[in-house]
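The values are calculated or read from the model by the stated rules, or taken from the named source; none is laboratory data. Everything quoted here is computed from the prediction, not taken from an experiment. Glycine also receives a Cβ, built like all others from the backbone with ideal geometry; neighbour counts cover every protein chain displayed. These area figures cover heavy atoms from the full protein model, side chains too; ligands, DNA and RNA do not enter into them. Shrake-Rupley method; radii C 1.70, N 1.55, O 1.52, S 1.80 Å.
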Amino acid sequence: RTARSDSGWVAEFAIPWKTLRYAKSDSTFQSWGFNLNRSRRMTNENYAFSPFPRSFNVLRMDYAGIIKGLQPPPPTANVRIQPFFLTSYDRYRNMDGRKPHEGAVKVGGEVKWAISSRAVLDLTFNTDFAQADADRQVNNVTRFSVLFPERRQFFLENASLFGIGVGPASDMSGGSIRIQPFFSRQIGLDGGGNPIPIDAGARFVSRSAKTNYGAMYIRQRGTDSSPATNYFVGRYSENLGKQSRLGALVTVKSDTGNTNIVGNLDGFVRFNEAHSLNWMLNLSHDSKGNVTGAAGAAQYFYATNQWKIWWTQSLISKSYNPAVGFISRTDVIGTTPGIFWFYRGKHLPFKKIIRSFEPSLLVEFYHQASTGRLIERSYGLSPFWIMLQSGGFMGHIMTPTYQYLTEPFSPLGVKIAAGAYNYTRHAVYWGSDGSKKLSFSWNGEYGTYYNGKLNTTNLSVLIAPIPHISITGRFNRNDFRKVGVNTITKNVDLLSVEGRFAANPRLQLIGFYQRNTDTKANNYNIRLSWEYQPLSFIYIVFNKREFQSTTRLDTRSQEDHLIAKISYLRQL
């Protein structure tokens, strides 16, 4: 509960002992590590109950404070049971193999057993993720795969143990190449993000200050378009000292046509607070065709309050196939160094407005692994980037680029032929204080693009007049000018509106609508959520999706789903 008064505000949290995992102790009193982080948006500052270095975050318990004199009761069995009941009505238009109308009833659930203070077993049966947030469309004008985030709660738990890899940080440092030997969205979803039924699954995880290990098994039901599939993921890591680790991971995907196995060794070394090294080595093998591939990466970071310097070296062979993982590209050797400078010194002008001056250089070289030929080179130079005291930002990035396309590709229906291209892109960024009732972020990209020109606009506007309501509008336009084999000139727009309306923290209506002029699709997802008692929910979900028919080019397909789901949590 929260409350305001003349002297400030108060937030009160009640945490039942039986929801926590702790060891049995013969002593009368216990001491627990504890930390709390507060973001004060009025001044764009962070505070912590126990301070920690800027290079870490509040979850780094080496820097936690200590709460003494706790007297918890003896730990109980700590079993959580959460069954659900779901009913749905489905309508299909111009979809081969589908009846015009279908209905279904589904019963399933999950069990979580805290075996000890360190070990947890999760079981799931006839799993359903109808309440999970739906994916947003993206108009991708690059040659490489887009990583859509995992949104399903079962897979988000303990993701830090299984989800190791190399990839760009949130500020794009580290280089754009991404290698993840395990990516949970490969389970229970098809290539378009549509759900595939899961019959059952189990996950066991044990964590301690010294060792961490876990295993996951999922049985995916067979459908008309995919056979029944078994997934297994195993992970072990050993902490070396307080700030380094060594680990291994294995994934298996097995169906009637193929068995894919990926083995991974990885490590992280923090030499001191500024210097760190992250590395990994992968091998994949497919029984179909007896094909073996390899991938690996090493990523060095030097990070202080003034500098962020990195070098990422990566290799992905042509035959490497992480069937339960994600890679942004194949058959490539990547070399991606870069540098950020954070200047907050005395010569910074307008200090009441400007917080820091942050120029940067991001360099990327990619060679084809199978031939050694240079296939891409880019220099992302940003001589002007400032962060504002309010939390806003302004900046410009210029990126001269060389690409050699080994095969043609078609971004948004514009066919670009294979061959060598030199072009330069410019990007301008501007964002306001995100804590205000009205805020925005905008970036415009312009310049040459392969053999023509491309101007891109991205605008996002957030309206939040009160904490109970927020509405976000987004607009993306790609304006092609004489691009590709047919020197096409056209606009492709993607418009979306998202809203959240909360009567209170337990009753919320969330929805979004998207319109894509390229596919002429109108898609939306509306979800009503009521937490009628702690962690027990009632959901009503409505989905609509339009797309081009895969069998009839002059026909549009459409599917509508109305879903009602109730879950009940019982803590033993």
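Results, tabulated for the structure shown:
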read-out: From Ser170, Ser176, residue being under 15 Å from the mean Cα position of the chain (by Cα), modelled with pLDDT under 95, within 27 Å of Ala64 (Cα to Cα) and not in a strand (DSSP E or B); value: Ser170
read-out: Residue match in segment 451-464 (condition: under 30 Å from Leu405 (Cβ atoms) and among the β-branched types (Val, Ile, Thr)); value: yes
read-out: For Arg373: the one exception among (1) at pLDDT 95 or above; (2) under 30 Å from the mean Cα position of the chain (by Cα); value: (2)
read-out: Residues being surrounded by 16 or more Cβ atoms within 10 Å (Cβ to Cβ) and farther than 23 Å from Val205 by Cα - total across segment 256-268; value: 2
read-out: Those strands (runs of 3 or more DSSP E) lying entirely in segment 458-550 with at least 1 residues in contact with a Lys or Arg (Cβ under 7 Å, 6 or more places away or on another chain), over 23 Å from Gly193 (Cα atoms) and in contact (Cβ under 8 Å) with a residue 40 or more places away in the chain; value: 469-483
read-out: Lone qualifier among Ser276, Ser237, Ser284, Ser254 - being over 23 Å from Ser184 (Cβ atoms) and of a type in the set (Ser, Thr, Tyr); value: Ser276
read-out: For Asn543: the one exception among (1) surrounded by fewer than 16 Cβ atoms within 10 Å (Cβ to Cβ); (2) modelled with pLDDT under 95; value: (1)
read-out: Qualifying residue in segment 92-105 (condition: outside any strand (DSSP E or B), of a type in the set (Gly, Ala, Ser), open to solvent by 50 Å² or more (accessible area, probe 1.4 Å) and touching a Leu at 6+ places or on another chain (Cβ under 8 Å)); value: no
read-out: Enumeration of residues in segment 409-456 that are among the polar types (S, T, N, Q) and open to solvent by 50 Å² or more (accessible area, probe 1.4 Å); value: Ser410, Asn422, Ser435, Thr448, Asn451, Asn455
read-out: Any hit, segment 391-406, residues being in contact (Cβ under 8 Å) with a residue 40 or more places away in the chain, under 25 Å from Arg344 (Cα atoms) and in contact with a Gly (Cβ under 9 Å, 6 or more places away or on another chain); value: yes
read-out: Meets criteria (modelled with pLDDT of 85 or more, closer than 30 Å to Leu388 by Cβ and open to solvent by less than 60 Å² (accessible area, probe 1.4 Å)) for Val58; value: yes
read-out: Residue, surrounded by the most Cβ atoms within 10 Å (Cβ to Cβ), within segment 303-342, restricted to residues that are among the hydroxyl-bearing types (Ser, Thr, Tyr) and within 24 Å of the chain's Cα centre (by Cα); value: Ser314
read-out: Candidate set from segment 51-97 (those that are without any contact (Cβ under 8 Å) to a residue 40 or more places away in the chain and more than 28 Å from the chain's Cα centre (by Cα)); member that is farthest from Ala521 (Cα to Cα); value: Lys68
read-out: Every residue from segment 123-160 that is hydrophobic (A, V, I, L, M, F, W, C) and in a strand (DSSP E or B); value: Leu123, Phe125
read-out: Meets criteria (at pLDDT below 90 and open to solvent by less than 30 Å² (accessible area, probe 1.4 Å)) for Ala209; value: no
